[in-house]
1. What trypsin sites (Lys or Arg not before Pro) in region 1-71 are in a loop by DSSP, with at most 13 other Cβ atoms within 10 Å of the Cβ?
2. Remind me, relative contact order of the chain in percent, using alpha carbon pairs under 8 angstrom and six or more residues apart?
3. Taking 0.36 nm per residue of sequence separation and subtracting the Cα-Cα distance, how much length would be gained by fully extending the chain between A42 and E70, in nm to one decimal?
4. Could you work out the Kirkwood radius for region 81-149, taking every pair of different alpha carbons, averaging 1/r and inverting it, reported in Å?
5. Taking the chain, how much of its Cα-Cα pair set, in percent, is spaced more than 28 angstrom apart?
6. List, in the order given, every pair from K95/K170; K58/K219; K95/K132; K19/K155; K56/K155; K58/K156 whose Cα-Cα distance in the structure shown is over 19 Å.
7. With charges only on Cβ, +1 for K and R and -1 for D and E, what is the dipole size of the chain about its Cα centre, in debye, rounded to 20?
8. Just report the Cα centroid separation between region 2-25 and region 95-118, whole Å.
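The values are calculated or read from the model by the stated rules, or taken from the named source; none is laboratory data. The structure displayed is predicted, hence computed values, not measured ones. Positions of Cβ are generated from backbone atoms using ideal geometry, with glycine treated the same way; all protein chains shown enter the neighbour counts. Only protein heavy atoms, including side chains, enter the accessible area calculation; ligands, DNA and RNA are left aside. Shrake-Rupley method; radii C 1.70, N 1.55, O 1.52, S 1.80 Å.
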Amino acid sequence: MNVRIEQGWHDALKDEFGKDYFVSLRDFVHSEYRNKVVYPPARLIFNAFDSCPFDKVKLVIIGQDPYHEEGQAHGLCFSVLPPCPIPPSLLNIYKELQADVGREITPSGDLTHWAEQGVLLLNATLTVEAHKAGSHQNRGWEQFTDAAIRALAEKKEHLVFMLWGSYAQKKGGFIDRSRHLVLTAAHPSPLSAYRGFFGCRHFSKANEYLVAHGMEPVKW
């Protein structure tokens, strides 16, 4: 099967592409894009992988679903391209960044510069029908992204995983804490950010860990 994805990721995940679940997922996604409005644009479905090659990954942030309104989703979790307003969860991420490492809150919600430094911004589900949150869940994407996280956890050392909220924490439950730094907190959503996301200081903790293991810190 010809899956267009960064070569390192293709090599790491090649066993998935021929499995029954992925064949069914491919057919479903093709049909959805032909017959409905689906986000992100088809060329950006694997943008998280293409923007952050397998060999360069040093930190992973796990989201759940792509944004489902026009002009928002571009394949990186929590990220939006200008001129989209900054979504509430991302604004709270920016607030914590400012409190933690002094990063000024900018008007742009584009996190591509994180991905280019080795931050994998991975949603559990990679596509969604317009205006219908969660509409492509339980179709196979979760199994595929589980395989991606497992490949990282098993083939690499000293990664940082930021697991915000119960969904991400469950998805990363199998990660070996003796090999990687796993940081957990409440989700940055306005509904939960005050219950443990604010004050978590994950960004400085991640950089301290990366530096301690001979890697460049992320320029947030």
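1. Answer in residue order: R4, K14, K36.
2. So the answer I get is 22 percent.
3. 8.7 nm
4. Radius from the Kirkwood sum: 14.2 Å.
5. That fraction is 25 percent.
6. K95/K170; K95/K132; K19/K155
7. Computed about the Cα centre, the dipole is about 300 debye.
8. The two parts, judged by their Cα centres, are 31 Å apart.
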